[in-house]
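Enquirer: Next up is a structure, given as structure tokens.
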Amino acid sequence: MMRDDLKLFNDLVELLLTEETQQPVAQPIDTNDLYSTLDLSLGDHPALDSEFKASLRDIIKSTPKTASTAFFNQLFGGRISRATLGDLLAVMLNNSMYTYKVAGPQVGIEKTILHNICDRIGYGEHSDGTFAPGGSMSNFMAMVMARDRRVPNARNEGILAPMTIYTSEESHYSIQKNAALMGIGRDYVRFVKTNDAGEMLASDLEEQIKKDLNQGYLPFFVNATAGTTVLGAFDPLESISKVCKTYDLWLHLDGAYCGGVIFSRRYCYLVRGIELTDSFSINAHKMLGTPLSCSIIVVQDKKHLYESFSNDADYLYQTDGDDFNLGKTSIQCGRRNDALKLWTLWKSVGTLGLEAIVDHQFQMAELARAYIKQHPDYTLYSEDTSISVCFNYKHIPAKLLCTELYKHAELMVGFGTFRNDEFIRLVTINTLLKEADLMKLFQTIESFVENTLLINKT
Ligand SMILES: Cc1ncc(COP(=O)(O)O)c(C=O)c1O
């Protein structure tokens, strides 16, 4: 059965690869028509094999093609086959990463990646990390460790006095959500002002901390960002760290989007001071191009991971020391193997290959900006240090343009806002992108506006 299904899998993947080149943007199905267009039903009896296969083919054709070179919509995209191979193997092996007994050498694979990242960013001998189910959860883990460091008894008694969190106005929404999940409360998240490039202002951070201390609150956690979600901006770590040290606050660096710059000799300056942080998270499924999801959090001192996340369970931990029973430092119990896909990628391209992936993304962003700067019909909003290229074309509302491009199956690209401006956010994170794909994107926008959007408007 498995061998037959692997043949079927190969056929289906062939179809997907063909679709990605011939129909790079799947024709979207209106949500009102979804269940009448595709057979998604589940019945009491087994589906006929022919119907089963036909359904899968139809579903594949209609599913958004995130590996196509017309997908710029999110902070991930493309496909690197060696990484995909690792993930497919992880599915077949189907280990759970909580114990050495069940995961064996996969534990060593995970630890090798974590130690390599800790060394790379200048964390000391006590550092370690874990894989989390995504960047939001990595941020959550950092917040929990910071809370437990500040109020060790919070683990047992809960939060008894109001505690405050600091993050920039441009940071990811998971910070507010996590504050709510942790019982800190959304009202206790302070949004620190940014400069015109969207980078956190350390002076405003300090002012807000002082104000809260005067009012009897307990500041405990600062979240800085390496690659803000819309603009791709990098917060200044050295000045933020000074403030954190003065007031004894945990400094976390959310590198979910652009933490991958640690692999680039050219761009690692964007996270100068990273060694001063208490924790750092990175989504390899974003800048490093692995399949979703592959999120890592590392900490300066692994004792915080144990103190916040270990729990005795004699039905689980039956062999080997804690260092190899990774369930003692993770947020989940059963945990899928997200490390193998990054390891297969890293092993096959080397650290220099990871650097090339990151540098290529910046190079593509540079080409896109150069095109925009040369054409008077375009307005650029983002900085030269970002792989989010934010722009407008002929002052057409970005939301309208992006939505129409999607509905007409022309392009998958999203929009964002900064202060009072709304713009298209072109993300050059897809590792398969070439200059020709970017030029095609601009041509598509221009001809779509002339031939479809403006004609329909008149
Ligand atoms: C800066 C930042 N942090 C965290 C996240 C959340 O990551 P995830 O989607 O893996 O939960 C994102 C997602 O885009 C992000 O941009």
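The values are calculated or read from the model by the stated rules, or taken from the named source; none is laboratory data. Source: prediction; values computed, not measured. With ideal geometry, Cβ positions are generated from the backbone for all residues, glycine too; neighbour counts draw on all protein chains shown.
Enquirer: Test each condition in (1) more than 28 Å from Asp437 (Cα to Cα); (2) within 16 Å of the ligand (Cβ to nearest atom) for Glu110 and report the one that comes out false.
Expert: Result: Glu110 fails condition (2) only.
Enquirer: Hey, any hits in segment 328-344 for a residue that's in the same structural domain as Met143 (by TED's automatic domain parsing), of a type outside the set (A, V, I, L, M, F, W, C), part of a loop (DSSP other than H, G, I, E, B) and touching a Cys at 6+ places or on another chain (Cβ under 8 Å)?
Expert: yes
Enquirer: Then there is this: From the list Ser264, Ser279, which residue is surrounded by fewer than 24 Cβ atoms within 10 Å (Cβ to Cβ) and among the hydroxyl-bearing types (Ser, Thr, Tyr)? Show your work before the answer.
Expert: On the way: Ser279 fails: surrounded by fewer than 24 Cβ atoms within 10 Å (Cβ to Cβ).
None of the others qualify; the one that does is Ser264.
Enquirer: Taking segment 310-329, which residues are at pLDDT 90 or above and closer than 24 Å to Gly122 by Cβ?
Expert: Residues satisfying the conditions are Leu326, Thr329.
Enquirer: Does Ser382 satisfy the condition of being under 26 Å from Arg272 (Cα atoms) and either among the acidic types (Asp, Glu) or at pLDDT below 95 (or both)?
Expert: Details: under 26 Å from Arg272 (Cα atoms): yes; either among the acidic types (Asp, Glu) or at pLDDT below 95 (or both): yes.
Considered against the rule, which asks whether it is under 26 Å from Arg272 (Cα atoms) and either among the acidic types (Asp, Glu) or at pLDDT below 95 (or both), Ser382 comes out as yes.
Enquirer: Right, Tyr269: assigned by TED's automatic domain parsing to the domain that holds Gly227, away from the ligand (no atom under 15 Å from the Cβ), at pLDDT 95 or above and more than 24 Å from Leu305 (Cβ to Cβ) or not? Explain how you work it out, then say what you get.
Expert: Working: assigned by TED's automatic domain parsing to the domain that holds Gly227: yes; away from the ligand (no atom under 15 Å from the Cβ): yes; at pLDDT 95 or above: yes; more than 24 Å from Leu305 (Cβ to Cβ): yes.
Criteria met by Tyr269.
Enquirer: May I ask you to say which residue of Ser136, Ser171 is in contact (Cβ under 8 Å) with a residue 12 or more places away in the chain, under 25 Å from Leu213 (Cβ atoms) and near the ligand (Cβ under 10 Å from one of its atoms)?
Expert: Result: Ser171 is the single residue among Ser136, Ser171 that is in contact (Cβ under 8 Å) with a residue 12 or more places away in the chain, under 25 Å from Leu213 (Cβ atoms) and near the ligand (Cβ under 10 Å from one of its atoms).
Enquirer: Given the residues Thr344, Thr319, Thr351, Thr290, which is the only one that is crowded, with 18+ Cβ neighbours inside 10 Å and out of contact with any Gly (no Cβ under 6 Å at 6 or more places or on another chain)? Working first, answer last.
Expert: Numbers: Thr344 fails: out of contact with any Gly (no Cβ under 6 Å at 6 or more places or on another chain); Thr319 fails: crowded, with 18+ Cβ neighbours inside 10 Å; Thr351 fails: crowded, with 18+ Cβ neighbours inside 10 Å.
None of the other options fit; the residue is Thr290.
Enquirer: Checking the structure you have, find out if any residue of segment 153-165 is crowded, with 20+ Cβ neighbours inside 10 Å, in contact with a Ser or Thr (Cβ under 9 Å, 6 or more places away or on another chain) and modelled with pLDDT of 95 or more.
Expert: no
Enquirer: Which of the residues spanning segment 272-289 are away from the ligand (no atom under 12 Å from the Cβ) and either closer than 23 Å to Val349 by Cα or aliphatic (A, V, I, L, M) (or both)?
Expert: Ile274, Leu276, Leu288, Gly289
Enquirer: Out of the strands (runs of 3 or more DSSP E) lying entirely within segment 375-458, which hold 1 or more residues that are in contact (Cβ under 8 Å) with a residue 12 or more places away in the chain and polar (S, T, N, Q)?
Expert: So the answer is 378-380, 388-393, 412-418.
Enquirer: Kindly indicate whether Lys303 is under 26 Å from Gly327 (Cβ atoms), of a type outside the set (S, T, N, Q) and surrounded by fewer than 24 Cβ atoms within 10 Å (Cβ to Cβ).
Expert: Yes: the conditions hold for Lys303.
Enquirer: Out of Ala368, Ala313, Ala339, Ala356, I need the residue that is of a type in the set (A, V, I, L, M) and within 16 Å of the ligand (Cβ to nearest atom). Which one?
Expert: None of the other options fit; the residue is Ala339.
Enquirer: Of all residues in segment 290-306, which are more than 16 Å from the ligand (Cβ to nearest atom) and at pLDDT 95 or above?
Expert: Val299, Gln300, Asp301, Lys302, Lys303, His304, Leu305
Conditions (1) closer than 20 Å to Ala202 by Cα; (2) free of Cβ contacts under 8 Å to residues at least 40 places away in the same chain; (3) out of contact with any helix residue (DSSP H, G or I) (no Cβ under 7 Å at 6 or more places or on another chain), marked per residue:
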{"residue": "Tyr257", "(1), (2), (3)": "no, no, yes"}
{"residue": "Tyr267", "(1), (2), (3)": "no, no, no"}
{"residue": "Arg272", "(1), (2), (3)": "yes, yes, no"}
{"residue": "Glu275", "(1), (2), (3)": "yes, no, yes"}
{"residue": "Phe280", "(1), (2), (3)": "yes, no, no"}
{"residue": "Thr290", "(1), (2), (3)": "no, no, no"}
{"residue": "Ile296", "(1), (2), (3)": "no, no, no"}
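Enquirer: Okay, next question. Does Arg57 qualify as being basic (Lys, Arg) and either touching a Ser or Thr at 6+ places or on another chain (Cβ under 9 Å) or within 16 Å of the ligand (Cβ to nearest atom) (or both)?
Expert: no
Enquirer: Something else now. Inspect all residues belonging to segment 115-131 and state whether any of them is surrounded by fewer than 23 Cβ atoms within 10 Å (Cβ to Cβ), closer than 26 Å to Ile429 by Cα and within 16 Å of the ligand (Cβ to nearest atom).
Expert: For segment 115-131, residues surrounded by fewer than 23 Cβ atoms within 10 Å (Cβ to Cβ), closer than 26 Å to Ile429 by Cα and within 16 Å of the ligand (Cβ to nearest atom): absent.
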